[in-house]
Protein chains: 2
Amino acid sequence: MSSKILLVEDDKNLGDQIVSHLARDGFEVTWLRDGSSALDAEPKDFDLIVLDLMLPGAHGLDILKIYRETAETPVLVLSARNETSTKVRSLALGADDYVTKPFWPEELLARIQARLRRPLLHATDVIETGALRIDVNARVVENAGQKVDLTRIEFDLLAALAQRLGSAITRQSLVDRVLDPDREGTSRTLDVHFSRVRKKLGSEGGRIATVWGVGYRLLAT
Amino acid sequence: MSSKILLVEDDKNLGDQIVSHLARDGFEVTWLRDGSSALDAEPKDFDLIVLDLMLPGAHGLDILKIYRETAETPVLVLSARNETSTKVRSLALGADDYVTKPFWPEELLARIQARLRRPLLHATDVIETGALRIDVNARVVENAGQKVDLTRIEFDLLAALAQRLGSAITRQSLVDRVLDPDREGTSRTLDVHFSRVRKKLGSEGGRIATVWGVGYRLLAT
DNA sequence: ATCTGACCTTCAGGCTGACTTAAGGTTCTT
DNA sequence: AAGAACCTTAAGTCAGCCTGAAGGTCAGAT
């Protein structure tokens, strides 16, 4: 699941360079080359935005301000100006970082990674992974478009795994969260529920992996 | 509730200047003037750390590394060097921002505020070193992007080393922490587990070094 | 160089933890 | 109140993992 980056940059050479560097590092880059299209973009669709302040057609600081009002997406500002006042103003407007041209692509990359390392926890309501579609609010699960009938506990267990896709979740935390929180001793109840979930999910059930001695995880595709 | 800031800076003039500026803006500043006292500090007691890389007595990057291992506190690095390699290295070590001297105090202030504006949500506990990527919460290990399948004990041992990257961990503490805490006498069980971890890690396995008569350490790259 | 103790690796035994099925008990619905 | 749906426990079985032994290797000391 690569991070999506929006690049707003009018200079063709520089843009090319940045895009190729980011793409090489596994990022999914959308490149907009003027201010008006930047204003039409949806900042919330991206994980991070790289914004050049020097644009024809619109003032970079205005774009920054609008982005900040519509989404929480971190913005990394790019500028040729080395004046402190511009830096201060962008940071005051909510820019999360500031890189001055000229710069090495490695530096930009390092800053982007440093920024993404602390991810915003997206409160997603619908989790789609593989053939599975899990609507946490509606409590509906579909496998390849087919509705799957799960009981309360079965759904909560699957959702608990799906919300941290790929992570191992301990038996204890699953018991605490889904079953009776103050339950003593060991029991095989959890196993029985997962056994049913697996069966009901058919082929996708194989993605619920046992982490021996720890708990369970939902394998990412 | 004002934010607590730790300033590590040996230059008296610059330090004075920064402290007075930050104090004027309502921050509570603790100023340490040399590397050894910086090493004794508790990074987790502060909301943000401003660290000058050029210090007598200790290397700034080492302090940064240690801070990063012991706390999640964001670190803003201060340096006279304008070399990209130093920037990249600090950012790679977990620095959250980088300011080059000379700078206007207003710029530093703006960056500090930009940083504090975003509270830490969920601290991701991911250790990246060399080709290894160890997600402590998810219990996932990747070597050069390839998933490595480790058992519970194997993972815990590797994680124990990685969390104190470069430091030797005694056999006893590993046994206490990962294996049965009240275990009598000597056994070769630990060796067996590390043998398997090394094998599963392939070339990176060589980074698990034996500290003769003491224990093991994971070599930093 | 030789010795000694610590460490590495392989291997098989044994055990812990997990899966499945079945049945009893509980809660919800009608 | 009866029935259905669901949760839990129990029991049998099985797979994966941990462990200690044994023999070989290596590092440090004399």
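Taken over the range B:167-189, the criterion of being in contact (Cβ under 8 Å) with a residue 24 or more places away in the chain and either within 8 Å of DNA strand C (Cβ to nearest atom) or closer than 27 Å to B:Glu142 by Cβ (or both) is satisfied by B:Ser167, B:Ala168, B:Ile169, B:Arg171, B:Ser173, B:Leu174, B:Val178, B:Leu179.
Within the range A:147-189, being at pLDDT 90 or above and on the phi > 0 side of the Ramachandran plot holds for one residue alone: A:Gly166. Every listed requirement among (1) surrounded by 15 or more Cβ atoms within 10 Å (Cβ to Cβ); (2) more than 8 Å from DNA strand D (Cβ to nearest atom); (3) not polar (S, T, N, Q) is met by A:Leu179 save one, (2). Is there a residue being at pLDDT 70 or above and either at positive phi or crowded, with 21+ Cβ neighbours inside 10 Å (or both) anywhere in the range B:112-122? For the range B:112-122, residues at pLDDT 70 or above and either at positive phi or crowded, with 21+ Cβ neighbours inside 10 Å (or both): present. Restricting attention to the range B:149-195, which residues are in contact with a Ser or Thr (Cβ under 8 Å, 6 or more places away or on another chain) and under 22 Å from A:Thr210 (Cα atoms)? Across the range B:149-195, the qualifying residue is only B:Leu179.
Looking at A:Gln146, is it within 14 Å of another protein chain (Cβ to nearest Cβ) and either exposed (fewer than 13 other Cβ atoms within 10 Å of the Cβ) or closer than 15 Å to A:Ile208 by Cα (or both)?
no
Cβ-Cβ contacts under 6 Å between residues 6 or more apart (or on different chains), taken from a first residue in the range B:133-146 that is modelled with pLDDT under 95 to a second residue that is of a type in the set (Phe, Trp, Tyr) and not in a loop (DSSP other than H, G, I, E, B), are listed as B:Arg139/B:Phe155.
Check whether at least one residue in the range B:199-217 is near DNA strand C (Cβ under 8 Å from one of its atoms), among the charged types (D, E, K, R) and surrounded by 12 or more Cβ atoms within 10 Å (Cβ to Cβ), and report yes or no. Within the range B:199-217 (the criterion being near DNA strand C (Cβ under 8 Å from one of its atoms), among the charged types (D, E, K, R) and surrounded by 12 or more Cβ atoms within 10 Å (Cβ to Cβ)), the answer is no, since none of the residues qualifies.
The values are calculated or read from the model by the stated rules, or taken from the named source; none is laboratory data. Everything numeric in this text was worked out from a predicted model, so none of it was measured. FYI the Cβ positions are ideal-geometry reconstructions off the backbone, even for glycines, and counts take in every protein chain you see.
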